[in-house]
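Just below is one structure, and these are the notes that go with it.
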Amino acid sequence: MAYPYDPATVEAKWQQTWLDAGLDQTSLEQTSTDQKKPKFYALSMFPYPSGSLHMGHVRNYTITDVIARWKRMQGYRILHPMGWDAFGLPAENAAIDRGVHPAQWTYQNIAQMKAQLQKLGLSLDWEREVATCAPDYYRWTQWIFLQMFQAGLAYQKESAVNWDPIDHTVLANEQVDAQGKSWRSGAKVEKRLLKQWFLKITDYAEQLLQDLDKLTGWPDRVKTMQENWIGKSTGAEVVFTTATGAELPVFTTRPDTLWGATFMVLAPEHPLVESLTTPAQEKLVTAYQIAAAARSEVDRMAEDKEKTGVWTGSYALNPVNGAQVPIWIADYVLMGYGTGAIMAVPAHDQRDFEFAKKFGLEIKVVVQPPDQNLDGATMDAAYAGTGVMVNSAALDGAIAGKNPGQSVDLAVQWLEANHKGKGTVTYRLRDWLISRQRYWGAPIPIIHCPECGAVPVTDADLPVTLPEDIELTGRGASPLTQLASWLNVPCPSCGTPAKRETDTMDTFIDSSWYFLRFTDAQNHQRAFEPSQANDWMPVDQYVGGIEHAILHLLYSRFFTKVLRDRGLLNFDEPFQRLLTQGMVQGLTYLNPNRTDKDRWIPSHLVDPANPVDPQTGEPLQRLYATMSKSKGNGVAPEDVLAKYGADTARMFVLFKAPPEKDLEWDDADVEGQFRFLHRVWRLVGDFVEAKEVQGGTGQKEVQGGTGRYREVEEEEGKKEGKPEQEKQEKKLRAAIHRAIKEISLDLEGDYQFNTAISELMKLSNAIAEAGNQPRMKTTATYAEGIETLILLLAPFAPHIAEELWQSIGKSGSVHFQPWLTWDEAALVADEINLVIQVLGKTRGTIVVPADSTKEELETYAKASDIAQRHIGEKTIKKVIVVPGKLVNFVIA
């Protein structure tokens, strides 16, 4: 072409052209003809609007965009939207720090990030953009909450929260540091009971577990994580009773060891602790409860933590043998798990064993291993293996185990027959606590009436909007509790003066249904039209980080099943295929001699040739780590786009590593992709010039005798060179169709974009090599190669592909051209490169007819200069021929 490749100019031109034409609007694909096309819903996990894109965003959205563009070329109608997960604590904290309203901060960030996204050339339908903090979105979030409330799935109960005693406010878990202190005030955080809202996700535990088998397009790792989080356990529920008749139900997966239970342990916050504590133990128990309340759940559950506890002074009766067992409290039992009470079998549970040893409690063996005779008084550790039941009454002699007919099965039968307990199933999964005592979230649409109780806001009064005339300080109760004009309202049912619910919803609520809103984002009458959602859903390809494997993905599955049961959806699962892309890592420098936050040395302060700490002069460790501000190893996307352009950035993040693997940023590899696009530009430009020379206004005229002679001579040359040209064309055509096949297979499988781009480079090289041959640039095969290269490049580097498509005289967007199919006949080679080996070591290659027999291949190989040079007069003991690949000589 007559002008050089300038990414900034080309990309700005086509981004504006696509925007003006509405090229990526889903509405363009809603004609009656298009409705007959298969649908494809491509979705990236939408971002929190922090204000700036990072390279992880670039990788995520580029992956999804390539898939969407490729599927469009395959003939699918495409839904590829984008939005903003915009509520949450970070925006509230940022607003407090800057003295602005969270809405102002959030929408500024959205505008900035949207502009950055648009510079990537993503084929997003911005007409369907949503922001979860917008009233026209959270109106429907509140409506879905009310659907759950009506279904009995939303309820309120007391639950422990993190309480800052200085700021007098509730803290999220992430606001409590590793020492259990408030991030803002530095106060030691306490646990307090508050009435909070929950969703009964446990009602769907079994469905969520069983339907994992339907998710054949999900990574096994993610499904395993969800399975473990749901945590199904089969066992028995047994009730211990106290001397006063109080019942203490426990769940155990090993009811066969009940005869070995020698004490009980309750969570310090168990509601019966107070009544069970004797006067003599009251001070110790109270002090222990206060200390336990200051510890995080992670700290309390740590396996290596020293066991602590206090006896309540009371006893319970073991239901299987009537033995009195002391009741203790200990922080390794949590009220939120199971019943908040456990039976302790120290002989066969290591945690219970360590507790019993420390406090001198009885250890009773009920499972004897083969060829041993354990004694609880002399054991060094708990025994959790197989064996034979002993000291267990009716179970004595049974094989200890969970298989049918073994001890667990027999124990359940005995408990049920003797009315001492029953077989049951429990789940590790707990109901979802959605209350947040913060401002920047969707208000829970409930009104508390002294006469009627909790009353839902009517649909007509949605949304319950956040008041704007509030003061955010980060201290004290939520500002929603202090604004009387917002707080005080009449009861919708009886008109009695009442108060609004002041808790807002967990932001995971917002992201648990956004994919449904995208299917009908402009609907002002409903959250979505079921016909639209059922048409586009489920999402065909979902792309996001592995960090969302449990919460977001599990909650989205839960919401989908609830809305299905409410008659709004006709499918079970929201996401057909899931791709969890790897992290983007940057070159990082670490001073191992420093333990403070400054141990990470920003890359721009380090000389790569002599990596030392600029402050201390100490040598630095050099490694790759996930890009982050704290490590100072990030690469700003805007800098990359300014220097190289979006197409180069896209090509790099796709080429550097398979999408599910971590990617190590390397400026040299970015340069490599930049050079490759320049080569493609020149290749197409040379082709265009050759066309102009051959015909049209740029055709060269042949004048005079000398010119005529040259023309005749050239024609004769064409005749003489025809067999060679046909050979070159066949070789090029094979390269063309090999590229189509390999790239198509790379995309159809596990989205191996890196190898697909490698195939693009091979095709480019093949075209360039062919172009060096006389008259090849004017052949139909060469033109096919150029067109193929542009079409195959289009999903990966959309701007340059569009420009080159127009430059070769094509009309219409390259992105609406059909995806190419390969011709198997073109892949059948006339000749092959035969590898010559001597004693298994490759010595060179020769070109031979592709249809050669084994005998002919051996003959060609023996006669080759390679064999003559490396074998000479030596004796050939054996010849190994692999047809189509190699000949290996075994010599003496």
Inset, instruction - Would you please name the residue that is nearest to Val161 (Cα to Cα), looking only at residues in the range 342-386 that are open to solvent by 10 Å² or more (accessible area, probe 1.4 Å) and in a strand (DSSP E or B)? - result: Ile342
Inset, instruction - Among the residues of the range 387-413, count how many are over 48 Å from the mean Cα position of the chain (by Cα), open to solvent by 50 Å² or more (accessible area, probe 1.4 Å) and closer than 21 Å to Phe353 by Cβ. - result: 1
Inset, instruction - Assess whether Leu266 counts as being in contact with a strand residue (DSSP E or B) (Cβ under 7 Å, 6 or more places away or on another chain), surrounded by fewer than 18 Cβ atoms within 10 Å (Cβ to Cβ), under 29 Å from Gly376 (Cα atoms) and at pLDDT 95 or above. - result: no
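A quick yes/no check of all residues on (1) within 26 Å of Asp669 (Cβ to Cβ); (2) modelled with pLDDT of 95 or more; (3) within 30 Å of the chain's Cα centre (by Cα):
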residue: Lys731; (1), (2), (3): no, no, no
residue: Ser744; (1), (2), (3): yes, yes, yes
residue: Leu747; (1), (2), (3): yes, yes, yes
residue: Gln752; (1), (2), (3): yes, yes, yes
residue: Lys762; (1), (2), (3): yes, yes, no
Legend entry - Any hit, the range 500-520, residues being among the basic types (Lys, Arg), modelled with pLDDT under 95 and within 36 Å of the chain's Cα centre (by Cα): no
Inset, instruction - Please indicate, with yes or no, whether at least one residue in the range 429-447 is in a loop (DSSP other than H, G, I, E, B), surrounded by fewer than 12 Cβ atoms within 10 Å (Cβ to Cβ), modelled with pLDDT of 95 or more and not aromatic (Phe, Trp, Tyr). - result: no
Inset, instruction - Working only within the range 200-231, note down all residues that are in a loop (DSSP other than H, G, I, E, B) and free of Cβ contacts under 8 Å to residues at least 40 places away in the same chain. - result: Thr216
Legend entry - the range 31-51 - residue that is more than 27 Å from Gly582 (Cβ to Cβ) and open to solvent by 60 Å² or more (accessible area, probe 1.4 Å) and, of those, modelled with the highest pLDDT: Pro38
Inset, instruction - Identify the single condition in (1) open to solvent by less than 60 Å² (accessible area, probe 1.4 Å); (2) assigned to a helix (DSSP H, G or I); (3) over 22 Å from Met45 (Cβ atoms) that Ser485 does not satisfy, given that it satisfies every other one. - result: (1)
Inset, instruction - Could you grab me the full set of residues in the range 163-196 that are within 25 Å of Ala549 (Cβ to Cβ) and open to solvent by less than 40 Å² (accessible area, probe 1.4 Å)? - result: Ala172, Gln175, Val176
Legend entry - Segments classed as helices (runs of 4 or more DSSP H), wholly inside the range 1-109, with at least 2 members that are closer than 26 Å to His678 by Cβ and free of Cβ contacts under 8 Å to residues at least 40 places away in the same chain: 7-21
Legend entry - Among residues of the range 619-633, those that are open to solvent by 50 Å² or more (accessible area, probe 1.4 Å) and in contact with a Lys or Arg (Cβ under 9 Å, 6 or more places away or on another chain), counted: 1
Inset, instruction - Report yes if some residue within the range 232-241 is open to solvent by 10 Å² or more (accessible area, probe 1.4 Å), at pLDDT below 95 and not in a strand (DSSP E or B); otherwise report no. - result: no
Inset, instruction - Check the range 797-804 and report whether any residue there is over 21 Å from Gln728 (Cβ atoms), open to solvent by less than 40 Å² (accessible area, probe 1.4 Å), assigned to a loop (DSSP other than H, G, I, E, B) and touching a residue at least 60 places away in the same chain (Cβ under 8 Å). - result: yes
Legend entry - Identity of the residue in the range 52-73, of a type outside the set (Lys, Arg) and over 21 Å from the mean Cα position of the chain (by Cα), that ends up surrounded by the fewest Cβ atoms within 10 Å (Cβ to Cβ): Met73
Legend entry - Subset of the range 286-309 that is in a helix (DSSP H, G or I) and either in contact (Cβ under 8 Å) with a residue 60 or more places away in the chain or among the aliphatic types (A, V, I, L, M) (or both) - its residue that is nearest to Glu354 (Cα to Cα): Met301
Inset, instruction - Can you work out which of the residues in the range 818-836 that are in a loop (DSSP other than H, G, I, E, B) and surrounded by fewer than 17 Cβ atoms within 10 Å (Cβ to Cβ) is farthest from the chain's Cα centre (by Cα)? - result: Asp830
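The values are calculated or read from the model by the stated rules, or taken from the named source; none is laboratory data. Only a predicted model underlies this, so the values are computations on that prediction, with no experimental measurement involved. Cβ atoms come from the backbone with ideal geometry, glycine included; neighbour counts cover every protein chain shown. When the accessible area is computed, the model is the full protein with side chains, heavy atoms only, and any ligands, DNA or RNA have been set aside. Shrake-Rupley method; radii C 1.70, N 1.55, O 1.52, S 1.80 Å.
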